[in-house]
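Below is one structure, written out as structure tokens; comments come after it.
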Ligand code: A2P
């Protein structure tokens with residue numbers, strides 16, 4: 001058990017998720033001995049305000065990890081591939097937001113509140129799951145624990161902030177341009193995102209699914225320790241929303257389940273908040289979820305697409321920058337500190 005407080009670094013501190021990590025480190029009052037903010041040469045030397053103090057952004061290189069115990073990283077896959085192994089070698093626990101190491105055997109893929117125990121097997125790198133997988137895990141864990149998942153079909157409606165600052169600006173510019181009837185040439189997306197939806201996130205795999213869709217399949221299986229017999233399919237769609245991913249979920253279980261039972265279970269599930277009363281038009285929307293920590297669940301109903309009362313349909317919404325990225329990253333860091341795993 002490590003006695004002293006850790007030296008912390010945030011890699012990608014100037015990015016969309018990095019900034020959210022700073023907000024949550026402050027909100028959660030994470031205790032540390034020292035803190036550093038790392039980025040590329042592009043923003044090295046610029047200032048970041050954190051807890052009313054000014055810090056200078058440092059250019060990332062191999063040596064910066066010498067005296068860092070825990071690095072919260074959100075600087076893209078290539079940056080993680082470059083620095084995570086170096087950091088790990090220097091005894092720095094590298095908590096990675098990218099997909100670079102998620103499916104590696106020796107790398108725990110963790111949603112706090114779902115599979116915290118997996119952290120214990122880390123060998124220096126811990127991965128934060130994909131945003132769409134992350135928000136689904138909290139409601140699905142309690143349902144799987146009791147009813148045993150057999151089949152899962154997910155359709156996502158994903159906000160542009162999941163694609164970074166450039167994509168956020170593109171939604172604004174594209175919308176303004178469309179409103180004055182001018183043509184717009186998209187660059188962050190393959191098609192115009194304003195007043196549109198795009199059924200492609202990430203590149204296509206040989207099986208016709210996108211990488212994003214296969215992340216939901218493979219990561220869900222790893223986090224919930226499901227066997228290959230559990231069938232999982234996802235369709236991931238980008239929608240013109242700034243913050244907040246939504247997901248329509250159909251799940252089939254081994255055991256009988258009712259909407260009432262599911263509601264009772266989810267009412268007390270950690271990290272989940274029910275918004276489910278159709279008589280008052282109560283259900284979650286991304287606008288309500290933005291800036292908040294829970295995964296909101298509503299539209300719970302017994303699915304009429306499966307036999308023998310074993311299917312459930314629901315809708316879940318969460319802030320993709322929080323539970324889908326920064327919040328879980330900070331929670332992992334807190335758990336690593338609490339469990340003395342650094
Ligand atoms: P920088 O500001 O120097 O470009 P976003 O996903 O919002 O685009 O943010 C990406 C984050 O990752 C930024 O903080 C960016 O820093 C950082 N980043 C990108 N490439 C590197 C790199 N090669 N080394 C370190 N940080 C990087």
- Note on the structure: The ratio Rg/Rh over the Cα atoms of the stretch 172-258, Rh being the Kirkwood inverse mean 1/r radius, stands at 1.10
- Query: So how tilted is helix 131-147 from the main axis of the chain? Cα-based, degrees 0 to 90, rounded to 10.
  - Reply: 50 degrees
- Message: Can you tell me the orientation of helix 165-179 relative to the chain, as the angle in degrees between its alpha-carbon axis and the longest Cα principal axis, to the nearest 10?
- Response: 60 degrees
- In units of 2.2 N^0.38 Å, what is the alpha-carbon radius of gyration of the stretch 133-320? 1.09
- What relative contact order, as a whole-number percentage, does the chain give when Cα pairs under 8 Å and 6 or more residues apart are counted? 19 percent
- Query: Taking only the alpha-carbon atoms of the stretch 27-108, what semi-axes of the equivalent ellipsoid follow from 5 times the gyration tensor eigenvalues under a square root, in whole Å, largest first?
  - Reply: 22, 15, 12
- Query: Once the Cα atoms of the stretch 188-230 are picked out, what are the Rg and Dmax in Å?
  - Reply: 13.7, 40
- Going by average Cβ neighbours within 10 Å, how do the peptides 54-60, 107-113, 81-87 rank, with the highest at the top? 107-113, 81-87, 54-60
- Message: Contact order normalised by length for the stretch 1-106, with contacts defined as Cα pairs under 8 Å and 6 or more residues apart; what percent is it?
- Response: 27 percent
- Would you mind checking the tilt of helix 211-223 against the longest principal axis of the Cα atoms of the chain, expressed as 0 to 90 degrees and rounded to 10? 90 degrees
- Task: For residue 211 and residue 231, compute 0.36 nm times the residue count separating them, minus their Cα-Cα distance, and round to one decimal in nm.
- Result: 5.5 nm
- Task: Evaluate the distance, in nm, between pseudo-label points positioned 7 Å from the Cα of residue 117 and of residue 104 along their respective Cα→Cβ axes.
- Result: 2.5 nm
- Query: Which value results when the Cα radius of gyration for the chain is divided by 2.2 N^0.38 Å?
  - Reply: 1.00
- Calculate the tail of P(r) for the stretch 76-132: the fraction of all Cα-Cα distances greater than 18 Å, expressed in %. 24 percent
- Task: Give me the distance in nm between label points sitting 7 Å out from Cα along the Cα-to-Cβ direction at residue 66 and residue 49, one decimal.
- Result: 3.3 nm
- Note on the structure: Calculated from DSSP helices alone, with each H run of at least 4 adding -39500 (n - 2.57) and the total divided by the residues of the chain, [θ]222 nm to the nearest 500 comes to -8500 deg cm²/dmol
- Cα→Cβ-extended label distance, 7 Å offset, between residue 172 and residue 89, nm: 4.1 nm
- Cβ-Cβ FRET estimate between residue 31 and residue 307, R0 fixed at 45 Å, reported to 0.05: 0.30
- Task: Could you pull the Rg and Dmax for the stretch 1-53, using just the Cα atoms, both in Å?
- Result: 11.8, 38
- Task: Could you pull the Rg and Dmax for the stretch 83-180, using just the Cα atoms, both in Å?
- Result: 17.9, 56
- Task: Can you grab the distance from the C-alpha centre of the stretch 18-70 to the C-alpha centre of the stretch 277-322, Å, no decimals?
- Result: 35 Å
- Among 168-180, 241-253, how do they line up from the highest to the lowest mean number of other beta-carbon atoms within 10 Å? 241-253, 168-180
- Alpha carbon centre of the stretch 207-269 versus the stretch 72-121: separation in Å? 22 Å
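The numbers here are math on the coordinates, done by the rules we state, and not lab data. Everything quoted here is computed from the prediction, not taken from an experiment. All Cβ positions, glycine included, derive from the backbone under ideal geometry; neighbour counts span all protein chains shown.
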